[in-house]
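S.K.: Following this message is one structure expressed as structure tokens.
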Amino acid sequence: MKTYAIVIHGGAVTMDPSKLSPEEEAAQRHGLQESLQAGWEILHRGGSALDAVEAAVQSLENNEHFNAGRGSSLNMQGEVQMDAAIMDGRTLNAGAVNSVRYVKNPVSLARMVMEKSEHVYIAGDGATEFALQHGLTMEAVHYFETEKARKEWLEIIQEEEKQPQEHD
Amino acid sequence: TVGAVALDQEGNLAVATSTGGIEGQQKGRVGDSPVLGGGTYAANEACAVSCTGDGEVILRGALAHEVYALVKYKGLTASEACREALHLRAEDLKGDKGFIAIDKDGNVAVESNTNIMRCAYRIGDEQPFVAVWR
């Protein structure tokens, strides 16, 4: 049997190690294991690397403990805004999306752009409309927002409000 | 930001990266993750790479493509290439950078200077490795 392998990374909103509780760390470890397993099973059965990376990233997007899909950070206006990309090393085909909302799995939308459009990169409303046209699963705003992300966003906004205003 | 790179039994490489951006970011801001060559790149003859960290720094360094180029043209392993890319023009490209990569020979790499790097990998039938590095 030929070599096969998968590597994943799972960023979360918390970047200060001292703020990472043991419970949160355990949940993140579990999420990493689930994602790894999702991708590895595909490779183990002889599936493609492309399917494996999509499955692994979907798993992380569906897990609120990671900063992608459900559990995403919030922008200045307190909105979820997601980006994703996928690339096939065999053909150099690629697909990417940015500033999408409502799409449950942006990585699958990126793959859809790669496989079902003439383009490489679609942004914003165009990407959302493309997702609707191709029947991707959509979710309401509250699905993506977590208490943790909202709390960290509030801290940032409150900190900014403390800064002296230097303009009218 | 989350991401995955893989090598399948046919010898094909692939990468996917997805992100919810950074907390309180400017509306419409694009980080490295969806930019091909910036935070995401794969080519069978060399490697697949996914990045995390300060998106603007990774974009300016085209760091995913840098790792690819180091593997392809300098003959480095994935791990060596990620280490070299991590220190590329360190004065001009200051910031958090994290890489996962896999080369065409199945060598895996995880390199980072971030506060926390959550990662995992599994090679063939070997036991899975899962870590939250500080």
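The values are calculated or read from the model by the stated rules, or taken from the named source; none is laboratory data. As the structure is a computational prediction, the values presented were derived from the model and not from experiment. Neighbour counts are summed over all protein chains in view; Cβ atoms, including those assigned to glycine, are modelled from backbone coordinates with ideal geometry.
S.K.: Taking the residues in segment A:45-63 that are out of contact with any Gly (no Cβ under 7 Å at 6 or more places or on another chain) and more than 8 Å from every other protein chain (Cβ to nearest Cβ) as candidates, determine which candidate is surrounded by the fewest Cβ atoms within 10 Å (Cβ to Cβ).
M.R.: Looking at the filtered set, the residue picked out is A:R45.
S.K.: Which members of segment A:80-109 meet the condition of being more than 19 Å from B:A43 (Cα to Cα) and either modelled with pLDDT under 95 or more than 7 Å from every other protein chain (Cβ to nearest Cβ) (or both)?
M.R.: Result: A:V100, A:R101, A:Y102, A:V103, A:K104, A:N105, A:S108, A:L109.
S.K.: Can you spot a residue in segment A:144-153 that is free of Cβ contacts under 8 Å to residues at least 12 places away in the same chain and among the β-branched types (V, I, T)? Give the derivation first.
M.R.: Of all residues in segment A:144-153, those free of Cβ contacts under 8 Å to residues at least 12 places away in the same chain come to A:147, A:151.
Restricting the remaining residues to those that are among the β-branched types (V, I, T) gives none.
The answer is no; no qualifying residue exists.
S.K.: Would you pick out the residues in segment A:102-135 that are within 18 Å of B:V2 (Cβ to Cβ) and free of Cβ contacts under 8 Å to residues at least 60 places away in the same chain?
M.R.: Restricting attention to segment A:102-135, the residues satisfying the condition of being within 18 Å of B:V2 (Cβ to Cβ) are A:103-111.
Within segment A:102-135, A:V103, A:K104, A:N105, A:P106, A:V107, A:S108, A:L109, A:A110 meet the criteria.
S.K.: State yes or no: is A:G31 surrounded by 22 or more Cβ atoms within 10 Å (Cβ to Cβ), within 14 Å of B:G3 (Cα to Cα) and at the interface with another protein chain (Cβ under 7 Å from one of its Cβ atoms)? Steps first, answer last, please.
M.R.: Details: surrounded by 22 or more Cβ atoms within 10 Å (Cβ to Cβ): yes; within 14 Å of B:G3 (Cα to Cα): yes; at the interface with another protein chain (Cβ under 7 Å from one of its Cβ atoms): no.
Here the answer is no, as A:G31 does not meet what is asked.
S.K.: Please work out which one of (1) free of Cβ contacts under 8 Å to residues at least 40 places away in the same chain; (2) in a helix (DSSP H, G or I) is the condition B:V57 fails and give its number.
M.R.: Among (1) free of Cβ contacts under 8 Å to residues at least 40 places away in the same chain; (2) in a helix (DSSP H, G or I), B:V57 violates only (1).
S.K.: Okay, moving on. Taking only segment A:130-161 into account, find how many residues are more than 10 Å from chain B (Cβ to nearest Cβ), hydrophobic (A, V, I, L, M, F, W, C) and either surrounded by 19 or more Cβ atoms within 10 Å (Cβ to Cβ) or not in a helix (DSSP H, G or I) (or both).
M.R.: 5
S.K.: Let me ask something additional. What strands (runs of 3 or more DSSP E) lie completely within segment B:1-45 and have 3 or more residues being without any contact (Cβ under 8 Å) to a residue 40 or more places away in the chain?
M.R.: On the way: elements: B:2-7, B:13-19, B:40-43.
Counting at least 3 such residues, we get B:13-19, B:40-43.
S.K.: Now for a different question. Looking only at segment B:85-129, how many residues end up being assigned to a loop (DSSP other than H, G, I, E, B), at the interface with chain A (Cβ under 9 Å from one of its Cβ atoms) and small (G, A, S)?
M.R.: Result for segment B:85-129: 2.
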